1. Hey, among the residues in region 19-63 that are hydroxyl-bearing (Ser, Thr, Tyr) and modelled with pLDDT of 95 or more, which one's surrounded by the fewest Cβ atoms within 10 Å (Cβ to Cβ)?
2. When only residues in region 8-18 that are within 10 Å of the chain's Cα centre (by Cα) and at pLDDT below 75 count, which is nearest to Ala73 (Cα to Cα)?
3. Of the residues that make up region 61-82, is at least one in contact with a helix residue (DSSP H, G or I) (Cβ under 7 Å, 6 or more places away or on another chain), in a helix (DSSP H, G or I) and of a type outside the set (Asp, Glu)?
Amino acid sequence: MDDLSMLSPNGGNAQVGCGLAAKRIRHRWYLYFWEYGHRTSPPRRSWIYVGPVGRPRTRERAAALLLAYHLKARDELDRRIQRLLGRAGRG
């Protein structure tokens with residue numbers, strides 16, 4: 001079943017959920033990216049290790065993960081808008 005077929009007739013609920021969290025492990029700080037998985041029920045938070053806090057590579061990777069998530073969310077929102085416009089006779 002694709003994401004669009006899971007929508008209710010009124011468009012369903014959309015939640016955007018991701019972020020960064022610093023965790024202290026053995027006296028050092030590490031950055032993790034998290035997002036709520038939409039393919040599991042109930043949605044569960046998944047974690048991706050980004051790198052040690054304060055390193056340029058960690059910042060670059062964190063920015064790339066956030067950008068990828070938001071682009072994916074925008075695409076999903078665009079699909080939902082098109083489906084709703086079609087149902088309203090405006091698409």
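The values are calculated or read from the model by the stated rules, or taken from the named source; none is laboratory data. Bear in mind that the values here come from a model prediction, so they are computed numbers and not experimental data. Positions of Cβ are generated from backbone atoms using ideal geometry, with glycine treated the same way; all protein chains shown enter the neighbour counts.
1. Looking only at region 19-63, we keep the residues that are hydroxyl-bearing (Ser, Thr, Tyr), and these are 30, 32, 36, 40-41, 46, 49, 58.
Add one more test, that the residue is modelled with pLDDT of 95 or more, and what stays is 30, 32, 49, 58.
Details: Tyr30: 16, Tyr32: 16, Tyr49: 12, Thr58: 17.
The residue in question is Tyr49.
2. Within region 8-18, the match that is nearest to Ala73 (Cα to Cα) is Val16.
3. yes
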